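Following: one structure in structure tokens, then a few remarks.
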There are 2 protein chains.
Amino acid sequence: MTNDHAETTSSGSRVAAAPVPLSEVERFDHETDVLVVGFGCAGAAAAYEAASAGADVLVLERFSGPGGSAAQSGGEVYLGGGTRVQEACGFDDTPEDMYAYLHAALGPHADEEKLRLYCEGSVEHFEWFRARGVPFQESLYGEPGWMAPTKDGLMWLGENAWPYNTLARPVPRGHRPPVEGFAGVLLMEKLAAAAVEAGAQAHTDTRASALVVDASGRVAGVVARRFGEEVRYRARKGVVLTTGGFVDDEEMLADHAPVLLGHGKVSDGGDDGSGIRMACALGAATRRMGSVEAALVVMPEAACRGMLVNALGQRFINEDVYPGLFSHAALHQPAPWWVILDEEGFAAYSERNPGAMPPDHVAESLAELEEELGIPAGALESTVAMYNRYAALGEDPLFHKNPKWLRELKAPFAAVDPRVLARLAENRREATGISGFTLGGLHTTVDGEVLHATRRPIPGLYAAGRASSGIHGEGYVSGTSIGDGTFFGRRAGRASAH
Amino acid sequence: MTNDHAETTSSGSRVAAAPVPLSEVERFDHETDVLVVGFGCAGAAAAYEAASAGADVLVLERFSGPGGSAAQSGGEVYLGGGTRVQEACGFDDTPEDMYAYLHAALGPHADEEKLRLYCEGSVEHFEWFRARGVPFQESLYGEPGWMAPTKDGLMWLGENAWPYNTLARPVPRGHRPPVEGFAGVLLMEKLAAAAVEAGAQAHTDTRASALVVDASGRVAGVVARRFGEEVRYRARKGVVLTTGGFVDDEEMLADHAPVLLGHGKVSDGGDDGSGIRMACALGAATRRMGSVEAALVVMPEAACRGMLVNALGQRFINEDVYPGLFSHAALHQPAPWWVILDEEGFAAYSERNPGAMPPDHVAESLAELEEELGIPAGALESTVAMYNRYAALGEDPLFHKNPKWLRELKAPFAAVDPRVLARLAENRREATGISGFTLGGLHTTVDGEVLHATRRPIPGLYAAGRASSGIHGEGYVSGTSIGDGTFFGRRAGRASAH
């Protein structure tokens, strides 16, 4: 082997490496049954199951420790169908109701086969987390929000908002470890430890750069780099790619998910699509490469108490929907976006959220606010008039927001600009207010087998998590990326070990 | 070679065939320098140029004659920068103005490198059409419309609508052969004849099923089927894939462009993505697979004289924009969509369009119309009130429709349902009112070289037209698919011949 299998393009992103023929590999530095590439939530789940099935397992991780993007997340896991947390909180749930909600909320075009399995296996998957030492407090956080500021183990993730509450019995399914705020670190500590306890070995600071392929087309290992040195891994049974999505690779984003160009990135910095590219270089098929998660920096309770409008002053969704869904809708509306509140609404919101920043704009009239925000004169006035006319009757005929949030809005008014907080969070002036990650990836079977462009599995190659296309269609709710990543990571781990 | 290289899946769509090693091909039935796969507009342009450069050229076409989807189209070609038709009609144009318009109208995220070349080469490309015998009458059709019902050689394709008229000097660039209505057949007759006159040979009823690849990874030919028999083609210099997009393949649509699922298909029935899949099976990279053209069955002049609203009674775009753009916007708005007119507007429209069908709904008041259309009560009323308030002043502060179309709308009202005409056109009850085709495809250089997932060209493999990703970002205007297909088809033909 003479040349470098990973190069850097002029724009700085790493190009996918061509597969390396097995016949060209003179010797391997390490040999194992199952090689897992990436030690985030999907990698940990795959490694745990493969090791538990008796396989020798090695996990490669480019960074200095496990965690991946999951460790940076809120740590919610979308689970239901009747978990013991749901039961303890007094909720009856069924796999059918869970399916009906997710089919709509992750849609249109959710993956029905994967979603069916995911919902049917959800109680067992919940118990699997518990058995791995992930605790869940048996109490509900009942407020709207991106994540819970409490240790409660259960929260709503949009199930009680229109139109979802008409499609399935509304039941909360956001399961979370007992951490006030971001719980991803705790979750990943437990999952990584479980994988290691089951026998998986981790090689950190090790970045896979190419797949090794035998003459029959079977994936037989990986070429990687550790501190500038090439390291060759033989995988006797299979390679599982759990390398994450591609939001950190600007060229891949431009090629496949340009809708996120210019927006912020939700990632650990390592989501450069390397696994997707290594597999595509072998002829692997992809699916839904344009699907994305999006988060608009808007406090859901503030939006519920007022309204969310686009650059033209039009409402476009019920504000009490799960915020991931109003964020996704915003991506297809004229930017920028604003939360409009009146004094009473802002006071109620900030009373309950003492750390809330003051509104970015205040005005004595809607005409004044329109001028200040650059919204066409009369547009906001027209929107608020329609809203008020029905709010007085407890109705929202356009979007069916829960009547408990409906109230006539009265001067003076305030506007919250998502870009202000986003600029602080992202530390860049150009922040749009939206950040996101990619949902598309390798086309896999329900057992994680990576399909070739011919739609046949590539022998010896598996993928899970955001390196693959999972249960998602074009929508997203929190907890479904960790949920899908661990659920199908486990299946890929088991399949690769056999 | 023992097995069939193209199979049919359970859903009936053809799967991509794995590449065939050259060493496994015992003998070739035909040998040529350049093999062009698909005899639509891109294929004809590639074949003409390759043959003119002195290469032996063979064109494979799955149907019984040339034409492809271009022959079914209106036949507009987006050309400018100062063509003789533009000059004769009194318009000054520059490549810079053309670029500025297309960069916005085909965007966001138009391909800047391809677009720059396309605009700079546009006058030469216009003369190339003329030299191939495609006539263009030196007169302007000045009305809004999908296509001209006259023989005029020039028409507006949205350049004179907001916001485009603020970004570039508005100049019409829709060039079209002298046919009342659909001109695609005439255009394709001329281009196909030119390719044959230049020396290209065509094999019709011949469907390529797999690429032949030598040990170095170079594409060396194609395996095809003709009336059930396998036919093997050797290409000494290159294979040019001009097989079209993938709107006719439901599985590819579900995988890559689900936004078109359920909508109508704009194609000749052969856009099944076969070329894209054959190349991906070799590790070829794709780009923008989710980008689509969309056509909402709405008569632009009717929309201009009234308003276009979504299912919530909200306007979402200036109705005088190019209809491809309002159609694309509609895809991201709640369906169904409606054209709302008043009596005076409908009368003016139908006077100028004697074949127009009567409106699908008429009502004495907006409240009545809302009820009939299922639009939330008060929503249309609110939209029309805002519209009328400013129309009286000759303004449209939301979307800046040209003042010549602005007028207060007064009872009685009418609504046109795009689904009614679509049901007739598509002959299916479920017609949504939108039909479209795919814009994404193989990732190519400006010379049509197909890039591998490693971002290096695959030797011997070229692509153009809708089998590739061209100048388009996420938007579309008429004439740019034939324009881009022929322009980059010519470049691919020249490159493959050298």
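Checking each residue in region B:158-182 for being closer than 20 Å to B:GLY485 by Cα and at pLDDT below 95 picks out only B:PHE182.
Working only within region B:474-498, note down all residues that are open to solvent by less than 10 Å² (accessible area, probe 1.4 Å) and either within 13 Å of chain A (Cβ to nearest Cβ) or within 25 Å of B:GLY158 (Cβ to Cβ) (or both).
The initial filter retains those residues of region B:474-498 that are open to solvent by less than 10 Å² (accessible area, probe 1.4 Å), namely B:475, B:477, B:479-480, B:483-486, B:489, B:492-493, B:496-497.
B:GLY475, B:VAL477, B:GLY479, B:THR480, B:GLY483, B:ASP484, B:GLY485, B:THR486, B:GLY489 - these are the residues of region B:474-498 that are open to solvent by less than 10 Å² (accessible area, probe 1.4 Å) and either within 13 Å of chain A (Cβ to nearest Cβ) or within 25 Å of B:GLY158 (Cβ to Cβ) (or both).
The condition (being crowded, with 16+ Cβ neighbours inside 10 Å, within 30 Å of B:ALA281 (Cβ to Cβ) and of a type in the set (A, V, I, L, M)) is satisfied by just one residue among B:LEU409, B:LEU373, B:LEU451, B:LEU421: B:LEU451.
Residues satisfying the criterion are present in region A:58-65 (criterion: touching a strand residue (DSSP E or B) at 6+ places or on another chain (Cβ under 8 Å) and acidic (Asp, Glu)).
Which of the residues that make up region B:279-309 are part of a helix (DSSP H, G or I), open to solvent by less than 20 Å² (accessible area, probe 1.4 Å) and either small (Gly, Ala, Ser) or within 8 Å of chain A (Cβ to nearest Cβ) (or both)? Walk me through it before giving the result.
Step one: list which residues in region B:279-309 are part of a helix (DSSP H, G or I), which gives B:279-280, B:300-305.
Filter once more, so that each one left must be open to solvent by less than 20 Å² (accessible area, probe 1.4 Å): B:279, B:300-304.
Hits for region B:279-309 are B:ALA279, B:ALA302, B:ALA303.
Quick one: count up the residues across region B:394-434 that are among the aliphatic types (A, V, I, L, M), in contact (Cβ under 8 Å) with a residue 24 or more places away in the chain and part of a helix (DSSP H, G or I).
If we filter region B:394-434 for residues that are among the aliphatic types (A, V, I, L, M), which is where we start, we get B:398, B:406, B:409, B:411, B:414-416, B:420-422, B:424-425, B:431, B:434.
Adding the requirement that they be in contact (Cβ under 8 Å) with a residue 24 or more places away in the chain leaves B:398, B:409, B:411, B:414-416, B:420-422, B:425, B:431, B:434.
Next, from what is left, pick out any that are part of a helix (DSSP H, G or I): B:420-422, B:425.
Of the residues in region B:394-434, 4 are among the aliphatic types (A, V, I, L, M), in contact (Cβ under 8 Å) with a residue 24 or more places away in the chain and part of a helix (DSSP H, G or I).
Select, from B:GLY313, B:GLY324, the only residue that is facing another protein chain (nearest Cβ under 10 Å) and open to solvent by less than 20 Å² (accessible area, probe 1.4 Å).
Numbers: B:GLY324 fails: facing another protein chain (nearest Cβ under 10 Å).
Matching residue, one of B:GLY313, B:GLY324: B:GLY313.
Of the residues making up region A:115-135, those that are open to solvent by 20 Å² or more (accessible area, probe 1.4 Å) and touching a Pro at 6+ places or on another chain (Cβ under 7 Å) are A:GLU120, A:PRO135.
Hey, could you check region B:440-473 for residues that are in a loop (DSSP other than H, G, I, E, B) and among the hydroxyl-bearing types (Ser, Thr, Tyr) and say which is farthest from the other protein chains (Cβ to nearest Cβ)? It would help to see each step written out before you state the result.
To start, the set of residues in region B:440-473 that are in a loop (DSSP other than H, G, I, E, B) comprises B:440, B:443, B:445-448, B:453-456, B:464, B:469-473.
With the extra rule that they be among the hydroxyl-bearing types (Ser, Thr, Tyr), the set shrinks to B:445, B:454, B:469.
Working: B:THR445: 14, B:THR454: 5, B:SER469: 8 Å.
Checked region B:440-473; the qualifying residue farthest from the other protein chains (Cβ to nearest Cβ) is B:THR445.
Go over the candidates A:PHE488, A:PHE437 one by one and state the one that is closer than 30 Å to A:PRO108 by Cα, touching a residue at least 24 places away in the same chain (Cβ under 8 Å) and assigned to a strand (DSSP E or B).
On the way: A:PHE488 fails: assigned to a strand (DSSP E or B).
Result of the check over A:PHE488, A:PHE437: A:PHE437.
Does A:GLU319 satisfy being closer than 17 Å to A:ALA105 by Cα and away from chain B (no Cβ under 14 Å)? Steps first, please.
Details: closer than 17 Å to A:ALA105 by Cα: yes; away from chain B (no Cβ under 14 Å): yes.
When the stated conditions are applied, A:GLU319 passes them.
For B:GLU372, the criteria (1) touching a strand residue (DSSP E or B) at 6+ places or on another chain (Cβ under 6 Å); (2) among the charged types (D, E, K, R); (3) in a loop (DSSP other than H, G, I, E, B) hold in every case but one, which is (3).
Filtered by the rule that a residue be within 14 Å of chain A (Cβ to nearest Cβ) and either open to solvent by less than 20 Å² (accessible area, probe 1.4 Å) or closer than 26 Å to B:ALA44 by Cβ (or both), region B:82-114 gives B:LEU106, B:GLY107, B:ALA110, B:ASP111, B:GLU113, B:LYS114.
If you check B:VAL321 against the conditions, is it under 27 Å from A:LEU398 (Cβ atoms), touching a helix residue (DSSP H, G or I) at 6+ places or on another chain (Cβ under 6 Å) and not in a helix (DSSP H, G or I)? I'd like the intermediate steps shown before the answer.
Working: under 27 Å from A:LEU398 (Cβ atoms): yes; touching a helix residue (DSSP H, G or I) at 6+ places or on another chain (Cβ under 6 Å): no; not in a helix (DSSP H, G or I): yes.
Taking the combined requirement at face value, the residue does not satisfy it.
Scanning region A:249-276 for residues that are away from every other protein chain (no Cβ under 14 Å), open to solvent by 30 Å² or more (accessible area, probe 1.4 Å) and touching a residue at least 40 places away in the same chain (Cβ under 8 Å), which turns out farthest from A:ASP447 (Cα to Cα)? Walk me through how you get there before you give the answer.
Going through region A:249-276, the residues away from every other protein chain (no Cβ under 14 Å) turn out to be A:264-271.
Filter again for open to solvent by 30 Å² or more (accessible area, probe 1.4 Å), leaving A:265-266, A:268-269.
Of the ones still in play, those that are also touching a residue at least 40 places away in the same chain (Cβ under 8 Å) are A:265-266, A:268.
On the way: A:LYS265: 29, A:VAL266: 27, A:ASP268: 26 Å.
So, considering only residues that are away from every other protein chain (no Cβ under 14 Å), open to solvent by 30 Å² or more (accessible area, probe 1.4 Å) and touching a residue at least 40 places away in the same chain (Cβ under 8 Å), the one farthest from A:ASP447 (Cα to Cα) is A:LYS265.
With B:ALA367, B:ALA385 as the choices, which residue is without any contact (Cβ under 8 Å) to a residue 12 or more places away in the chain, open to solvent by 50 Å² or more (accessible area, probe 1.4 Å) and under 22 Å from A:PRO397 (Cα atoms)?
On the way: B:ALA367 fails: without any contact (Cβ under 8 Å) to a residue 12 or more places away in the chain.
Among B:ALA367, B:ALA385, only B:ALA385 is without any contact (Cβ under 8 Å) to a residue 12 or more places away in the chain, open to solvent by 50 Å² or more (accessible area, probe 1.4 Å) and under 22 Å from A:PRO397 (Cα atoms).
Would you point out which residue out of A:PRO334, A:PRO359 is buried (at least 20 other Cβ atoms within 10 Å of the Cβ) and free of Cβ contacts under 8 Å to residues at least 60 places away in the same chain? Being buried (at least 20 other Cβ atoms within 10 Å of the Cβ) and free of Cβ contacts under 8 Å to residues at least 60 places away in the same chain holds for just one of A:PRO334, A:PRO359, which is A:PRO359.
Inside region A:175-189, residues that are assigned to a loop (DSSP other than H, G, I, E, B) and open to solvent by 10 Å² or more (accessible area, probe 1.4 Å) make up a count of 5.
Look at (1) surrounded by fewer than 24 Cβ atoms within 10 Å (Cβ to Cβ); (2) within 17 Å of the chain's Cα centre (by Cα) and you find that A:GLY245 fails only one, number (1). Residue pairs whose Cβ atoms lie under 7 Å apart, separated by 6 or more positions or on different chains, with the first residue in region A:89-100 and more than 11 Å from A:GLU120 (Cα to Cα) and the second outside any loop (DSSP other than H, G, I, E, B) and open to solvent by 40 Å² or more (accessible area, probe 1.4 Å), are A:CYS89/A:LEU140; A:ALA100/A:LEU167.
Of all residues in region B:25-46, none are within 17 Å of B:ASP484 (Cβ to Cβ) and among the charged types (D, E, K, R).
Can you spot a residue in region B:414-435 that is within 18 Å of B:LYS114 (Cβ to Cβ) and either touching a Phe, Trp or Tyr at 6+ places or on another chain (Cβ under 7 Å) or within 14 Å of chain A (Cβ to nearest Cβ) (or both)? Looking through region B:414-435, none of the residues is within 18 Å of B:LYS114 (Cβ to Cβ) and either touching a Phe, Trp or Tyr at 6+ places or on another chain (Cβ under 7 Å) or within 14 Å of chain A (Cβ to nearest Cβ) (or both). Got at least one residue in region B:427-437 being surrounded by 24 or more Cβ atoms within 10 Å (Cβ to Cβ) and of a type outside the set (Gly, Ala, Ser)? Taking every residue of region B:427-437 in turn, at least one turns out to be surrounded by 24 or more Cβ atoms within 10 Å (Cβ to Cβ) and of a type outside the set (Gly, Ala, Ser).
Of the candidates A:ALA363, A:ALA367, A:ALA385, A:ALA330, the single residue that is more than 18 Å from B:ARG315 (Cα to Cα), within 14 Å of chain B (Cβ to nearest Cβ) and modelled with pLDDT of 95 or more is A:ALA367.
For region B:29-49, how many residues are out of contact with any Gly (no Cβ under 7 Å at 6 or more places or on another chain) and assigned to a loop (DSSP other than H, G, I, E, B)? Residues in region B:29-49 being out of contact with any Gly (no Cβ under 7 Å at 6 or more places or on another chain) and assigned to a loop (DSSP other than H, G, I, E, B): 1 in total. Counting only strands (runs of 3 or more DSSP E) wholly contained in region B:204-274, the ones carrying 3 or more residues that are of a type in the set (Lys, Arg) occupy B:229-241. With the requirement that a residue be among the hydroxyl-bearing types (Ser, Thr, Tyr) and either in contact with a Ser or Thr (Cβ under 6 Å, 6 or more places away or on another chain) or surrounded by 24 or more Cβ atoms within 10 Å (Cβ to Cβ) (or both), what does region A:454-473 give you? Result: A:TYR462, A:SER468, A:SER469. Taking region B:159-174 as the range and being of a type in the set (Gly, Ala, Ser) and either outside any loop (DSSP other than H, G, I, E, B) or within 28 Å of B:GLU230 (Cα to Cα) (or both) as the test, only B:GLY174 passes.
The values are calculated or read from the model by the stated rules, or taken from the named source; none is laboratory data. This structure is a prediction, so every number in the text was calculated from the model and none was measured. Heads up, the Cβs are rebuilt from the backbone with ideal geometry, glycines too, and the neighbour counts pull from every protein chain shown. For the accessible areas, the whole protein counts, side chains as well, though only heavy atoms, and no ligand, DNA or RNA atoms are used. Shrake-Rupley method; radii C 1.70, N 1.55, O 1.52, S 1.80 Å.
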